[in-house]
Amino acid sequence: MKIQKIEAIEILDSRGNPTVEVNLKLEDGTTSRAMVPSGASTGEREATELRDGDKKRYGGKGVLKAVENVNTVIAKAIKDKSIHTQRELDYLLIELDGTKNKAKLGANAILGVSMAYARAKAQSAKIPLYECLGGSYAHIMPVPCMNVINGGKHADNTLDFQEFMIAPHSAPSFREAIRMGEEVFHSLKNVLKTKGLSTGVGDEGGFAPDLKSNEQAVEMILEGIHKAGYKPGIDVSICLDPAASEMWENGMYKFFKSSQKLVSSDEMVKLWESWTTQYPIVLLEDGLSENDWEGWKNLTDILGDKIEIVGDDLFCTNKSILEKGIEKGVANSILIKLNQIGTVTETLETTELAYKNSYNCFVSHRSGETVDSFIADLTVALNAGHLKTGSGCRGERIEKFNQLMRIENELGKSSQFAGLKAFKNAK
Ligand SMILES: C=C(OP(=O)(O)O)C(=O)O
Ligand SMILES: [Mg+2]
């Protein structure tokens with residue numbers, strides 16, 4: 001099937017920063033659109049997000065160069081050519097770029113084209129995107145890990161740790177899990193309000209109160225779960241992404257927003273050990289820095305058979321880095337973010353490697369998002385069992401929940417809600 005038309009434009013993401021939108025038309029008349037997300041706490045080894053650097057436009061954050069790359073170099077290479085598969089297109093784009101990290105054309109340019117093509121192929125074949133990406137066995141509905149308290153780089157508050165999530169896993173279906181999660185979200189709002197704390201939200205839609213400690217964030221959530229009528233650990237558990245790479249300073253971890261205290265890698269591991277005995281935690285993402293591989297091994301040895309340990313900045317959805325992790329016995333799960341690697345095909349290759357080695361895949365949004373719901377379909381395509389895509393009150397996050405509810409409806413009786421077994425080692 002030939003690509004008849006391809007056009008990119010600069011649009012805005014949920015933080016009001018520019019990002020790339022790609023519109024594509026196949027020769028059979030099928031049209032599709034994809035929008036590219038953007039992170040704030042990015043891994044050092046992520047594929048390059050091409051920004052203009054012209055300080056007079058959006059403080060240098062414009063993406064007109066990436067847009068231009070789609071409209072000129074990429075369009076010239078793929079327009080009116082017979083491209084048969086996603087893999088063929090993506091490898092053509094990788095070769096066209098020719099760098100290791102997509103620095104020439106920009107991962108934001110390349111991913112927009114890759115996603116738009118995947119969507120067009122699905123539409124042209126008249127099958128849902130999740131089926132086009134994952135085959136007819138795609139049927140597992142994920143536990144939505146809802147980020148109800150935001151800190152770190154995603155909020156201007158006192159919390160060092162970035163994400164405090166709830167996982168409503170005792171629900172019978174995705175739709176009911178969303179209901180439970182939203183009930184806890186609103187209950188937490190009341191808890192905060194009653195204590196005179198702010199109920200304004202951070203980048204991913206979770207509350208961003210100024211709390212006395214990171215522990216207090218978990219305590220507030222547990223109170224919110226109780227007050228919503230659910231049992232912590234039985235109905236709703238806790239997932240965390242402290243995004244510890246952001247705390248890494250000269251080989252130590254700095255509590256950069258609260259006490260300013262510095263702790264060692266061993267002390268951080270002890271903190272996670274104590275938190276996991278104290279609180280009903282089922283998943284810990286980036287509990288340590290991407291540059292602390294020794295610490296990661298230690299963390300995995302100590303907690304790896306109790307909870308899911310996810311590498312985000314550590315692996316950057318990159319197959320070669322994941323290979324190193326598997327070899328060293330580091331983590332037992334990988335975060336999946338399309339724009340960390342830059343094509344749909346490479347993302348699928350990384351997930352294949354993860355599954356072959358019994359690592360879980362935890363699909364994720366970025367803190368700067370759009371209303372594109374591609375990751376909702378990707379999660380079902382992978383039968384990944386869980387995803388994180390924010391919480392209860394920001395449209396760009398809700399759109400993913402809504403798409404998943406549509407998918408569950410469409411799959412009907414053949415769908416299956418993942419529940420607690422979505423989480424590695426959860427009992
Ligand atoms: C979603 C995350 O944040 P960002 O998109 O800022 O990297 C994350 O760290 O997992
Ligand atoms: Mg993360």
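Estimated at 0.36 nm per residue, the fully extended path between L92 and D305 surpasses their Cα-Cα distance by 72.6 nm. The percentage of C-alpha pairs in region 1-40 whose separation is greater than 11 Å is 63%.
Carbon-plus-sulfur fraction of the accessible area of region 140-422, 1.4 Å probe, in percent?
Details: 4500 of 9440 Å².
On region 140-422, the fraction of accessible area on carbon and sulfur atoms equals 48 percent.
Against the chain, whose longest principal axis is taken from its Cα atoms, helix 319-328 shows a tilt of about 40°.
Which whole number of Å³ per residue matches the convex hull of the alpha-carbon atoms in region 358-427?
Numbers: hull volume 7.3 nm³, N = 70.
Given the Cα convex hull of region 358-427, per-residue volume reads 104 Å³.
What the Cα atoms of region 238-333 give is an Rg and a Dmax of 12.6, 37 Å. Rounded to the nearest 0.05, what FRET efficiency do E294 and N357 give with R0 = 25 Å and r taken as the Cβ-Cβ distance? Could you check? That gives a FRET efficiency of 0.75. Counting only residues at least eight positions apart within a chain, or on another chain, the aspartates and glutamates with an alpha carbon under 13 Å from that of K297 are D266, D286, D305, E327.
Distance between the 7 Å Cα→Cβ label points at Y137 and L271: 4.1 nm.
For region 120-166, what percent of Cα pairs sit more than 12 Å apart?
70 percent
Once the convex hull of all Cα atoms in region 168-220 is built, its volume per residue stands at 89 Å³.
The phi torsions of region 301-316, fed into the Karplus equation with coefficients 6.51, -1.76 and 1.60 and a -60° offset, translate into couplings of 4, 7, 10, x, 9, 10, 9, 7, 10, 9, x, 9, 3, 4, 9, 6 Hz, rounded to whole numbers, with Gly and Pro shown as x. Surface exposure of region 2-126, expressed per residue as accessible area with a 1.4 Å probe, stands at 46 Å². Rg then Dmax, both in Å and based on the Cα atoms of region 300-427: 14.7, 42. Rolling a 1.4 Å probe across the protein heavy atoms gives region 140-422 an accessible surface of 33 Å² per residue.
Converting phi to 3J(HN,Hα) with the Karplus coefficients 6.51, -1.76 and 1.60 and the offset θ = phi - 60°, region 242-257 yields x, 6, 5, 4, 5, 9, 6, 8, 6, x, 10, 10, 9, 7, 6, 10 Hz in sequence order, with x at every glycine or proline.
In region 2-126, the portion of solvent-accessible area held by carbon and sulfur atoms comes to 50 percent [1.4 Å probe, whole percent, DNA, RNA and ligands not counted]. Using a cut-off of 21 Å between Cα atoms, the listed pairs K189/K306; K79/K121; K193/K270; K270/K306; K25/K76; K153/K254 include K189/K306; K193/K270 as exceeding that distance. Size of region 155-308 from its Cα atoms: along the principal axes, largest to smallest, the extents are 42, 34, 24 Å.
Over all directions, the average projected area of the alpha-carbon convex hull for the chain comes to how many nm²?
Computed as one quarter of the Cα hull surface, the answer is 19.2 nm².
Exposure check, 1.4 Å probe, all protein chains in place: S320 carries approximately 80 Å² of accessible surface.
Sparsely packed loop sites in region 84-176 (the chymotrypsin sites (Phe, Trp or Tyr not before Pro) outside DSSP H, G, I, E and B with at most 11 other Cβ atoms within 10 Å) comprise Y137.
Taking label points 7 Å from Cα along the Cα-to-Cβ direction, S264 and R33 give a separation of 5.5 nm. Between the helical axis of 395-411 and the longest alpha-carbon principal axis of the chain there is an angle of about 80 degrees.
The values are calculated or read from the model by the stated rules, or taken from the named source; none is laboratory data. As the structure is a computational prediction, the values presented were derived from the model and not from experiment. Methodologically, a virtual Cβ is constructed for each residue, glycine included, from the backbone with ideal geometry; neighbour enumeration extends over all protein chains shown. SASA here: full protein model, heavy atoms, side chains in, ligands and nucleic acids out. Shrake-Rupley method; radii C 1.70, N 1.55, O 1.52, S 1.80 Å.
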